[in-house]
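The values are calculated or read from the model by the stated rules, or taken from the named source; none is laboratory data. Keep in mind the model is a prediction, meaning the values are calculated, not measured. Cβ coordinates were reconstructed from backbone atoms using ideal geometry, including for glycine residues, and neighbour counts include every protein chain displayed.
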Amino acid sequence: MSDIPIPGAPAPEPPPVEEPTEPVPPPGPKPDQSAPQVRTPTGVRAHDDQGVNAQQGEWLTTSGGVRLRETDKSLKAGERGPTLLQDHHLREKITHFDHERIPERVVHARGAGAHGTFVAYGGAESVTSAGFLAEGRETPVFVRFSTVLGSRGSADTVRDTRGFATKFYTDEGNFDLVGNNMPVFFIQDGIKFPDIIHAGKPHPDREIPQAQSAHDTFWDFVSLHTEAQHHTIWNMSDRGLSRSYRMMEGFGVHTFRLVNAAGETSLAKFHWKPKLGVHGLLWEEAQMLGGFDPDFHRRDLADAIEAGAHPEWELGIQVFPDTPEQTYAGIDLLDPTKLVPEEVAPVQKIGRMVLDRNPSNFFAETEQIAFHVGNLVPGIDVTDDALLQARLFSYVDTQLTRLGGPNFNQIPVNRPHAPVNDMLRDGFHQDAVHRGVAPYHPNSLDAGCPFLAGDPQGAFRDNPVTVPETVKQRAQSASFDDHFSQARLFWLSMTPVEKQHIIAAYSFELGKVYEPAIRERQLQCLANIAAELCGGVAAALGLPAPSPTVELADPEPSPALSMLGGSYPPDGRVVGIVAGPDSGADQIDGVRTALSGAGMTPLLIAPTGAPVGGELAVQRTFATARSVEYDALVLADGASAVAADPQLLLLVEEIFRHGKALLAWGDGAEAIASAGIAVPAPGVKAVGSGAEVAAELPDLLAAHRSWERFALS
Ligand code: HDE
């Protein structure tokens, strides 16, 4: 029988450890340091090459390297007397501790990251000279995913936009693609950013609610500043409730300018397409997870990578001619509240990214990584999008406070893999010992070094764009005034069940708004988007549905905007296996092995923590298992013995209510029937033996949920 370590499994009892009296080389990892006990399908622990000891040497020292003879008692005047100021070791230890925290990001404070590799397919050479996009070129990357509004300790599963920021450590320097999981933004001009964020953050008097948009100030702002309405409908869709960071699209949002080797320019939008499809949580699941597992997305990403289910995305670009108008199919490419439907401008795939390594230290890597939209490589440039222009300023500025000075690019996770000769000097946290006397240009003392690259290798190339003679003004073009047509496009592109979720989301959020005038103003915005949407929300709020104040044509729906449809692999999907007290260990072990082999993560659930069949470690008891953790539930033969247990009934009922797969073998089907659920039903199946479970599950998980189960009103 194979022995597959399972995430969360009780660690084997360590031998009693006595405190050594002689220095010895650092011991191997303690069981509680070797987080989650998951193997790759090949049986190799992903962490093995990283070194998990907190300390590398044999002796405990001060930060000055002096060996310590005591660290448990402070220096006192007598056994019971006051502590002496001269205790340098105490002061150093406490002082360092006092300064362990740095300011959290003002937005996107809550996040998780991973290392990986990007491999270019080629094909982009005709539009960009960026070396890392040349065919076959491999580039190391670090990706940080995040929510926007919440503080660093907030729950992962709140309704929000998600950040999707990628640092490419290219041979030509760092390129940062600092995007979101939604292709449009709330505002058209960066000068409005503090306003939208102040409106979305907790109210300044009580500092509540945390990581929520369901409150007065958010809806006050977006209903007044109606260019936010398009982004807002994306938030109210299931895109605002990602199932996993691994199952999100990513978007550069702005239009960028690409430059090829001949100096020809085109405009482009960046897209990340996940191999696992785009999937959401249900609102009820998201709310439950906020309590049961606030770290759900962090855990999911790290567990999947550790288990060898490495998340993958393809990078794609939509390319447009660089015309003086900078529009395409009537859409203003400088307006970040607008997208260009994929059916109008197809997304051309130019490479693939795989995330395959978890950070070794969250603070050093995920917290200290500093993205910057101005980190551009030759061949990729910015446009005059007024939102992008403001971002070019903000991302360096914010690090000066957050990372404590101007040398944050010397922090290992930020360090370019290309040689750096920047002539920037001194400042807080200067790590380098620069030599010589001529950090200036031009110089003769260093033989003129370093030299300027010039075209075409040099970055920040000023493309010969004609700027018409104009006047200084705080204004924007009239094309930016259309705030509703693309929100309507989004609505019309949804399937019925997605529309139902959007109505429910607006109803919930506006139901939490106290000020009647704000609710009514937002209903007016919804009337301008679609009568069906407005009617549904108005009915839930018990308010009359207003008539539209703008006349909108019906755009051609864009099926690419819907999350439904398609069939996806089960990589990293979490499957609960419920065993009864007398379930046989052999069959259950066989099912677990087969599920792990197929890329899924099985968790064994039993009434108590007693090993199943006397030998299989249990990961969840009925007291600790809750349905929201699983994508599917399997009821093992022998589960009928506990079919009447209220905790199991709740588990089965919630899995069914949330449209997730239920599978049973042997008498396990009785546990499903006890919950009043017919077998078979859509996504509910009984099979003859455990051997059939692994063969059936991928099909049941392919569409994420059994959407047929959701009755549409
Ligand atoms: Fe950001 N944004 N942003 N943003 N943003 C930051 O930079 C800002 C915008 C995005 O994982 C901050 O290092 C302004 C759009 C992501 O570390 C800050 C404006 C998009 C992340 C900042 C925008 C983003 C940030 C906070 C309007 C999608 C997380 C900490 C002009 C395309 C990066 C930091 C990470 C982070 C400013 C608008 C995405 C303050 C002023 C549009 C994914 O500099």
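Say whether the condition of being of a type in the set (D, E, K, R), in a helix (DSSP H, G or I) and touching a Lys or Arg at 6+ places or on another chain (Cβ under 9 Å) is met by at least one residue in the stretch 661-680.
no
Suppose we keep only residues that are assigned to a helix (DSSP H, G or I) and of a type in the set (D, E, K, R) within the stretch 510-526. Which one would you say is nearest to the chain's Cα centre (by Cα)? Among them, the one singled out is Arg519. With respect to the conditions (1) under 29 Å from the mean Cα position of the chain (by Cα); (2) part of a loop (DSSP other than H, G, I, E, B); (3) assigned by TED's automatic domain parsing to the domain that holds Leu281; (4) away from the ligand (no atom under 16 Å from the Cβ), Phe132 falls short on a single one, namely (2).
Within the stretch 381-410, track down each residue that is more than 11 Å from the ligand (Cβ to nearest atom) and part of a helix (DSSP H, G or I). Across the stretch 381-410, the qualifying residues are Asn409, Gln410. Yes or no: Ala54 surrounded by 12 or more Cβ atoms within 10 Å (Cβ to Cβ), modelled with pLDDT under 95, part of a loop (DSSP other than H, G, I, E, B) and away from the ligand (no atom under 16 Å from the Cβ)? No, not satisfied.
In the list Ser567, Ser507, which residue meets the criterion of being part of a loop (DSSP other than H, G, I, E, B), closer than 23 Å to Asp238 by Cα and out of contact with any His (no Cβ under 9 Å at 6 or more places or on another chain)? Answer to the selection: Ser567. Scan the stretch 142-152 and tell me whether some residue there is basic (Lys, Arg), in contact with a helix residue (DSSP H, G or I) (Cβ under 9 Å, 6 or more places away or on another chain) and farther than 30 Å from Gly379 by Cα. Within the stretch 142-152, one or more residues are basic (Lys, Arg), in contact with a helix residue (DSSP H, G or I) (Cβ under 9 Å, 6 or more places away or on another chain) and farther than 30 Å from Gly379 by Cα.
Yes/no per residue for (1) assigned by TED's automatic domain parsing to the domain that holds Ala594; (2) touching a residue at least 12 places away in the same chain (Cβ under 8 Å); (3) surrounded by 15 or more Cβ atoms within 10 Å (Cβ to Cβ); (4) within 30 Å of Met248 (Cα to Cα):
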| site | (1), (2), (3), (4) |
| --- | --- |
| Leu541 | no, yes, yes, no |
| Pro546 | no, yes, yes, no |
| Glu556 | no, yes, no, yes |
| Pro569 | no, yes, yes, yes |
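Identify, from the list Pro324, Pro378, the residue that is part of a loop (DSSP other than H, G, I, E, B) and either surrounded by fewer than 21 Cβ atoms within 10 Å (Cβ to Cβ) or within 16 Å of the chain's Cα centre (by Cα) (or both). Matching residue, one of Pro324, Pro378: Pro324. Does the stretch 96-115 hold any residues that are out of contact with any helix residue (DSSP H, G or I) (no Cβ under 9 Å at 6 or more places or on another chain), away from the ligand (no atom under 15 Å from the Cβ) and not hydrophobic (A, V, I, L, M, F, W, C), and which are they? His96, Asp98, His99, Arg101, listed by residue number.
Against the numbered list (1) more than 16 Å from the ligand (Cβ to nearest atom); (2) part of a loop (DSSP other than H, G, I, E, B), Arg152 comes up short only at (1).
Kindly evaluate Asp637 against the criterion of being surrounded by fewer than 22 Cβ atoms within 10 Å (Cβ to Cβ) and in contact with a Phe, Trp or Tyr (Cβ under 8 Å, 6 or more places away or on another chain).
When the stated conditions are applied, Asp637 passes them.
Can you tell me which residues in the stretch 640-693 are within 21 Å of Ala606 (Cβ to Cβ), within 31 Å of the chain's Cα centre (by Cα) and surrounded by fewer than 18 Cβ atoms within 10 Å (Cβ to Cβ)? The answer is Leu650, Glu653. Looking for something of a type in the set (Val, Ile, Thr) and within 30 Å of Lys275 (Cβ to Cβ) - is there at least one such residue anywhere in the stretch 431-450? Taking every residue of the stretch 431-450 in turn, none turns out to be of a type in the set (Val, Ile, Thr) and within 30 Å of Lys275 (Cβ to Cβ). Pairs meeting the criteria (first residue in the stretch 187-200 and among the β-branched types (Val, Ile, Thr), second residue near the ligand (Cβ under 10 Å from one of its atoms) and in a helix (DSSP H, G or I), beta carbons under 8 Å, at least 6 apart or on different chains) are Ile187/Phe193; Ile187/Ile196; Ile187/Leu387; Ile191/Ala386; Ile191/Ala390.
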